[in-house]
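The values are calculated or read from the model by the stated rules, or taken from the named source; none is laboratory data. These figures come from a predicted structure and were not determined experimentally. Cβ sites come from the backbone with ideal geometry, for glycine too, and all protein chains shown count toward neighbours.
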Amino acid sequence: MIPVSSRASTIEYAIRDVVVPATKLESEGHKIIKLNIGDPIAYPGLPTPQHMVEAYREGLAEGNNGYSPSYGLAQLRAAISEDESNKGWNCAPSDVYVCHGVTEALQIIFAATLEEGNKVLAPGPHYPPYMAYPQMYGAQTIEYALKSNDGWSIDFDDIEAKMDDDVRLLVVINPNNPTGNVAGSDEIDRLLSIAKKWPNCMIVADEIYDGLDFSGKHASIASRSNDVPVFALNGVSKVYYAPGWRIGYLAIHDPTNVMVDVRDGIERLLRSRLCASTPAQLGYLAGLEQDRSWMDEYSSRVQKRRQLCLDRIANIEGLEVEAPGGAFYMFVRLDDDYWSNNDKEFVLKLLHEEHVLVVHGSGFSPEKGRGHIRIVYLADEETLNLAFDKIEKFLARHRSAKR
């Protein structure tokens, strides 16, 4: 048997791993209610805006199917830089690098900044690639705590205790995936004051959900930094409802000009992988340059579904949730003693018995996510109500069985 590399064999991605048994059930004729993946296109009433689709289609029809510049189309980089500058910092087109989604942007950042023995501080719970990818470069991810009983706010004392000279990247996912917490200006300023003490530390600001802030307190991290270098990450997937296009970007904010070598490394890596999809970049460009009033209607739909979930959870014995301030996830606490220690078993049994698919919290952090499930609340109201009916029935049945 030819061996697999250790870096590949240890990778886990809970969000898609749970799809494997769900697909098997579907092949047997069962209909699955899928509340597991943050793909807005998978749910009714939230299609990619038509003017963006038309721009993509026109790009194809006009023959824009060749390689584009490795750092992204010039007009898209300019539009992104304007959009980022409107968030409160001076972003030039040359600061913007277009990637195959934020996931590739992360891989590029990790490859350009991490060596053997380096550390990445990331929130726990967090989006799984923050744990999986750094190990490929000999680094390790250390989780800092989010306060599960305080709206999943950042535990700054925990960050202070874990910072040292080996920490190269301090990650902030804002709004957070999977908890939906939104960090405001005061929290960001405190985070930056900590990072400032460590000259080799850079901030990774994952702001892919910034247009889905229902708290009104979100602020661009780059806009708050006068001295700490920041990678601002964003893209077309969530706020512009086009995840399958795989277009995202990293924008470098280097207020004290300390990232010259890092920038050179990033550019070398980007050139080596050629470019992001050319016609998809044109679709994103249309989203940035044309009317965005459609976003209000979409946001209203999402918030209505969010409130439905909060109302249902409040009336189901065995579930609790800290109301999310942004994104489109709920990180729901399993209150029953047994399930609080067996969240993955909960997910798999719920799937097999009730055909409802969610994601186990321990898949976002074995320690800090345990005893929770993540629910995507983008489905239509009828589907959400049916899913919660099934979850409530499942909890009651298993509670009775244990008595």
- Message: Going residue by residue through region 158-169, is there one that turns out to be touching a Ser or Thr at 6+ places or on another chain (Cβ under 8 Å) and part of a strand (DSSP E or B)?
- Response: yes
- Task: Restricting attention to region 303-326, report how many residues are within 17 Å of Asp213 (Cβ to Cβ) and crowded, with 20+ Cβ neighbours inside 10 Å.
- Result: 6
- Message: I'd like to know if region 255-267 contains one or more residues that are within 23 Å of the chain's Cα centre (by Cα), touching a residue at least 24 places away in the same chain (Cβ under 8 Å) and in a helix (DSSP H, G or I).
- Response: yes
- Is there any pair linking a residue in region 104-118 that is in contact (Cβ under 8 Å) with a residue 24 or more places away in the chain to one that is aromatic (Phe, Trp, Tyr) and surrounded by fewer than 21 Cβ atoms within 10 Å (Cβ to Cβ), with Cβ under 8 Å and at least six apart or on different chains, and which? Phe110/Tyr137; Ala111/Tyr137; Leu114/Tyr137; Glu115/Tyr137; Asn118/Tyr137
- Message: Return the pair list, or none, for Cβ contacts closer than 7 Å from residues in region 69-96 that are farther than 24 Å from Tyr209 by Cβ and outside the structural domain of Asn234 (by TED's automatic domain parsing) to residues that are at pLDDT below 95 and assigned to a helix (DSSP H, G or I), at least 6 apart or on different chains.
- Response: none
- Message: Just checking: which of the helices (runs of 4 or more DSSP H) contained wholly in region 319-403 hold 2 or more residues that are within 25 Å of the chain's Cα centre (by Cα)?
- Response: 343-354, 381-401
- Applying the selection to region 325-375, what residues are hydroxyl-bearing (Ser, Thr, Tyr) and more than 18 Å from Pro178 (Cα to Cα)? Tyr338
- Do we have Asn234 as closer than 30 Å to Gln307 by Cα and assigned by TED's automatic domain parsing to the domain that holds Trp152 here? yes
- So which residues in region 111-138 are in a loop (DSSP other than H, G, I, E, B) and surrounded by 21 or more Cβ atoms within 10 Å (Cβ to Cβ)? Leu114, Pro125, His126, Tyr127, Pro128, Tyr133
- Task: Within region 290-316, track down each residue that is of a type in the set (A, V, I, L, M), farther than 24 Å from Leu76 by Cβ and assigned to a helix (DSSP H, G or I).
- Result: Val302, Leu308, Leu310, Ile313, Ala314
- Message: Out of everything in region 349-403 that is touching a strand residue (DSSP E or B) at 6+ places or on another chain (Cβ under 7 Å), farther than 22 Å from Pro40 by Cα and basic (Lys, Arg), what residue ends up being modelled with the lowest pLDDT?
- Response: Lys368
- Candidate set: region 43-85, residues that are surrounded by fewer than 20 Cβ atoms within 10 Å (Cβ to Cβ) and among the acidic types (Asp, Glu); chosen: the one farthest from Asn234 (Cα to Cα): Glu62
- Task: Out of Tyr284, Tyr241, report the one residue that is at positive phi and either in contact (Cβ under 8 Å) with a residue 60 or more places away in the chain or part of a helix (DSSP H, G or I) (or both).
- Result: Tyr241
- Tally, over region 352-370, of residues that are surrounded by fewer than 22 Cβ atoms within 10 Å (Cβ to Cβ) and within 28 Å of Lys304 (Cβ to Cβ): 2
- For region 53-99, what are the residues that are at negative phi, among the small types (Gly, Ala, Ser), in contact with a Ser or Thr (Cβ under 6 Å, 6 or more places away or on another chain) and at pLDDT 95 or above? Ala92
- Task: Starting from residues that are closer than 27 Å to Tyr241 by Cβ and surrounded by 12 or more Cβ atoms within 10 Å (Cβ to Cβ), keep the ones in region 1-22 and report whichever is modelled with the lowest pLDDT.
- Result: Ala14
- Message: Exactly one condition in (1) assigned to a strand (DSSP E or B); (2) closer than 30 Å to Val332 by Cβ is false for Ile252; which is it?
- Response: (2)
- Item | Residues that are of a type in the set (D, E, K, R), over 24 Å from Pro279 (Cα atoms) and within 21 Å of the chain's Cα centre (by Cα), drawn from region 19-58 | Lys34
- Filter region 31-52 down to residues that are among the charged types (D, E, K, R) and in a loop (DSSP other than H, G, I, E, B) and give me whichever is modelled with the highest pLDDT. Lys31
